[in-house]
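Here is the structure we will look at, set down as C-alpha cells.
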Amino acid sequence: MMTDRKLKIIFGILSAGLFASLLLKLTDVPGGMILSGFFLGGMMIIGIILGCLIFVGFLKLIFKKTSFLAILFISTTISFLAFHYQLYSPTLKVIVPIGYKGEVHLVLSNVEDNLLTIDSNGIGYLTKWTFNKTYTKPIVKQIDGKNLEKNLVGFNPSTFFGQGKSCCIDGQQVESLSFEIVSDDKLGQKQYNSKNFIDFIDKKLIIFSK
C-alpha cells in the first residue's frame, strides 16, 4: 500500500513537472487582442491552483488519513493534465505545389482525415477536431521536399493562423485557418495576396456556418 509520504513525493514531482511544462507550452499559445497567451494561461494556472486549494479542503473531510499536501498534489496533477490536453495543438504537415506563393486556406470540413496536400488554389481541408485545436506553426514543404519555413508569414507575431469566415455559398459562410507563403525577397513581409478561394472549394466537403 502506498504511504502518504510516497504519495507526496510521486505526485509532487508529477505536479511540478506538469507545471513547468505548462509554462513552457504557454509561450506558444496565441493571446487575445491585448493580453498575451502566456499571461492569460498564467491566470488560468493561478485559478486552477486556487480551485484545487478550495477543493482539497472538502476532500480532506473525506480522506482524513491522507495529508493535505498529498491530496493537493494529486488534485493539481489531474488538473494540470486536463489543462495540457486543452492546450494541445497538432503540428500540421502541409504540402504545397512547387513555386506556390500566396495565401493558404485550411477549410473546416467534414473529412475523416485532414487533406493537407494543398491544391493550386491554396486550399486544404481540416477535420473539425483539428480545426478547433490547431494554433501552432505548421511544417510546410513543397511537393519536391523543399522546406518553406522561412517563407511563412503568420497573422501577427502572437498568432500564426488567421481564423475567419468567408462569404458566401447559398447564404452560408465558410470557416478557414490561413497563413501566407512569400518569396525569398519578401521574407517576413505579409503581402496580402488574397483571392476569392470560395469559388474553388469542394462544396461537398464543407461544414458551413451561418
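On inspection, residue 26 qualifies as within 22 Å of residue 138 (Cα to Cα), of a type in the set (A, V, I, L, M) and surrounded by 14 or more Cβ atoms within 10 Å (Cβ to Cβ).
Report yes if some residue within segment 57-67 is touching a residue at least 40 places away in the same chain (Cβ under 8 Å), charged (D, E, K, R) and either farther than 30 Å from residue 129 by Cα or in contact with a strand residue (DSSP E or B) (Cβ under 9 Å, 6 or more places away or on another chain) (or both); otherwise report no.
Within segment 57-67, the first condition is being touching a residue at least 40 places away in the same chain (Cβ under 8 Å), and the residues that meet it are 65-67.
This time we only want the ones that are charged (D, E, K, R), so: 65.
Keeping just the survivors that are either farther than 30 Å from residue 129 by Cα or in contact with a strand residue (DSSP E or B) (Cβ under 9 Å, 6 or more places away or on another chain) (or both) gives 65.
Yes.
For segment 11-51, the tally of residues that are in a helix (DSSP H, G or I) and either in contact (Cβ under 8 Å) with a residue 12 or more places away in the chain or within 22 Å of the chain's Cα centre (by Cα) (or both) stands at 28.
Are any of the residues in segment 133-143 of a type in the set (Val, Ile, Thr) and loosely packed, with under 14 Cβ neighbours inside 10 Å? Before you say what the answer is, go through the steps one by one.
Here is the first cut: in segment 133-143, the residues of a type in the set (Val, Ile, Thr) are 134, 136, 139-140, 143.
Retained after the next criterion (residues that are loosely packed, with under 14 Cβ neighbours inside 10 Å): 143.
The answer is yes; a qualifying residue exists.
Considering 120, 158, the condition of being more than 20 Å from the chain's Cα centre (by Cα), surrounded by fewer than 19 Cβ atoms within 10 Å (Cβ to Cβ) and of a type in the set (Gly, Ala, Ser) is satisfied by 120 alone.
Throughout, read-outs are computed from the coordinates displayed, never taken from laboratory work. Keep in mind it's a predicted model, so treat the numbers as computed, not measured. Note that we place each Cβ from the backbone using ideal geometry, even for glycine, and neighbour counts take in every protein chain shown.
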